[in-house]
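Undergrad: Just passing along the structure, written as structure tokens.
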Amino acid sequence: MTMETEKAAPEEVVLVPVYRGGAAFARFLDDLLGRVSPDRVLVVDDGSDDGSAETALARGANCVRFPENRGKGAALEAGLRWWTERGAQRIATLDADGQHPASVLPELFARARETDAGVVVGARDLESAKMPRARRFSNRTTTAMLSALAGVPLFDSQCGCRCYSSRVATRGLFPESGRFAWESEVLVLAARAGERIERIPIPVVYAPRGESGSHISHVRDTLRFLKLWFRLWRRFGFARPPRRP
């Protein structure tokens, strides 16, 4: 893992994991940097071979580059540690394909400040006609299953638009899985540790066909989710988590 630039962190910052982001990533980053100064943005390039890291560096963003693909969860964990070590208190995450408009950041940060939540989740409108029916069913099902383990209601467990408190890193609430299931597991671990889980509504946005940058394999990641769920169930069962002090 190599670091390309290094600056002191403001309290509220942005983390963008990317893998072969392509044109959608470039457009998204231009919009993001039109709203947030480059010193507040960290891109973690998860072993891309398409110039994604160079795209970030050319625009002045901080960039951490993995020499090979390690998975989205590993990129998120590295980015959360990077920002926390530099003093950031609230770290917003947005997917690199533009599915999460940068315009939601002020509300995301405001909700995090107001509630002191461990995680604020961007909850998409699952009734939106833009979201495929299979995706809506998967999202509802996995979120309900994870809520049963967390002991508290969770929101849109598959959405990468979030704001993490630095406590998630300082308390070591990181999952074992380094891939897509990471974002599901971290909600359960945070809730079980007594952290508050909050939400804000966000729109459903999809990149143009062929430019989404999505690397989800539905069969593979469904099997991974089931393996994750049973592992967490064996660890926690359905008991309610301890109250936050």
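Undergrad: With +1 on each Lys and Arg Cβ and -1 on each Asp and Glu Cβ, how big is the dipole of region 2-236 about its Cα centre, in debye rounded to the nearest 20?
TA: 900 debye
Undergrad: What ranking do 183-194, 46-57 get when scored by the average of other Cβ atoms within 10 Å per residue, highest first?
TA: Packing order, densest peptide first, comes out as 183-194, 46-57.
Undergrad: Say the dipole of region 1-150 comes from +1 at the beta carbon of Lys and Arg and -1 at that of Asp and Glu; which of G51, W82, L146 then lies farthest toward its positive end?
TA: L146
Undergrad: Non-local amide H neighbours of C63 (under 5 Å, H modeled in plane, Pro and chain starts lacking H): which ones?
TA: E4, T5, V43
Undergrad: Taking θ as phi - 60°, what are the ³J(HN,Hα) couplings along region 94-104 by the Karplus curve (6.51, -1.76, 1.60), each to the nearest whole Hz, with x for Gly and Pro?
TA: Taking θ as phi minus 60°, the curve returns 9, 6, 6, 8, x, 5, 10, x, 5, 5, 7 Hz for region 94-104.
Undergrad: Show me, for region 107-120, the HN-Hα J-couplings you get by feeding each phi into the Karplus relation (A = 6.51, B = -1.76, C = 1.60, θ = phi - 60°), rounded to Hz, glycine and proline as x.
TA: 5, 4, 5, 4, 5, 5, 5, 5, 9, 6, 5, x, 9, 10
Undergrad: To check you understand DSSP bridge types, tell me what percent of the beta bridges within region 2-236 (both residues inside) are antiparallel, rounded to 5.
TA: Percentage antiparallel, nearest 5: 30.
Undergrad: How far, in nm, would the chain grow between R86 and D116 when pulled straight, counting 0.36 nm per residue and subtracting the alpha carbon separation?
TA: Length gained, R86 through D116: 8.8 nm.
Undergrad: Scan around A123 for amide H atoms under 5 Å from its own, H built in the peptide plane at 1.01 Å from N, and keep only partners 5 or more places away or cross-chain.
TA: Residues meeting the amide H criterion: I200, I202.
Undergrad: For region 2-236, would you read off the P(r) tail past 23 Å as a percentage of all alpha carbon pairs?
TA: Across region 2-236, Cα pairs with separations above 23 Å total 44 percent.
Just so you know, all these numbers are worked out from the coordinates, no wet-lab data involved. Everything quoted here is computed from the prediction, not taken from an experiment. When we count neighbours, we look across all protein chains shown, and the Cβ atoms used for this are built from the backbone with ideal geometry, even at glycine.
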